[in-house]
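Structure first, then comments.
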């Protein structure tokens, strides 16, 4: 993680239309607020919604909190993402398992030395939702989308704290 090279984070859920785009925008908001040199993106483990905008309900609830998801488009996680990103954040345990399976394929394809990405749960360091899955709101009501936002905000703040420590340690080493 160089202070000149942005730290790249990829938020991943199943379809990339509810949870991970929300996590992308919320995490970017908090990183930008702290002026951290990061690039945040999102993807899905499935290819259910390629090129589609986030779910209208996700957009509506996010916009009510000041987060605009409208410019995002769904894409599938690719093996090359393990080379491009420093951190891949899974929204739940099933996606974490799917990401780990793809990581093994990326090791075979590119070799272990080429892989930069570390993998963790979005809620890995979250004190409010410790290592909890971010529930998929797709088949539920409004409260599910609000829960996604609550947990994304809480988990993003936790990650920002981790990033700030890592950036500080890097600067201290130089």
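Of note:
- Label selected from (1) 55, 20, 13; (2) 29, 19, 14; (3) 24, 20, 14, the criterion being semi-axes √(5λ) of the Cα gyration tensor in Å as computed here: (3)
- Expressed to the nearest 5 percent, the antiparallel share of DSSP beta bridges inside region 7-173 is 0 percent.
- The chain, relative contact order in percent, only Cα pairs under 8 angstrom and at least six apart counted: 25
- Per-residue ellipticity at 222 nm from helix content only, as computed over the chain with -39500 (n - 2.57) for each DSSP H run of at least four residues, stands at -15000 deg cm²/dmol.
- On the basis of the beta-carbon distance and an R0 of 45 Å, residue 73 and residue 128 show a calculated FRET efficiency of 0.90.
- Cα gyration tensor shape for region 1-75, rounded if a/c is under 1.5, else prolate or oblate: oblate
- Additional length obtainable on full extension of the chain from residue 143 to residue 97, 0.36 nm per residue less Cα span: 13.9 nm
- Calculated FRET efficiency, residue 113 to residue 35, Cβ-Cβ distance, R0 = 25 Å: about 0.20 to the nearest 0.05.
- Centroid-to-centroid, using Cα positions, region 108-123 and region 12-28 are 19 Å apart.
- Relative contact order (%) - region 14-107, alpha-carbon pairs under 8 angstrom, separation at least six: 31
None of the figures in this text is laboratory data; all of them are computed from the coordinates on show. Given the structure is predicted, the values throughout are model-derived calculations rather than measurements. Quick reminder, even Gly has a Cβ in these numbers, built from the backbone with ideal geometry, and neighbours come from all protein chains shown.
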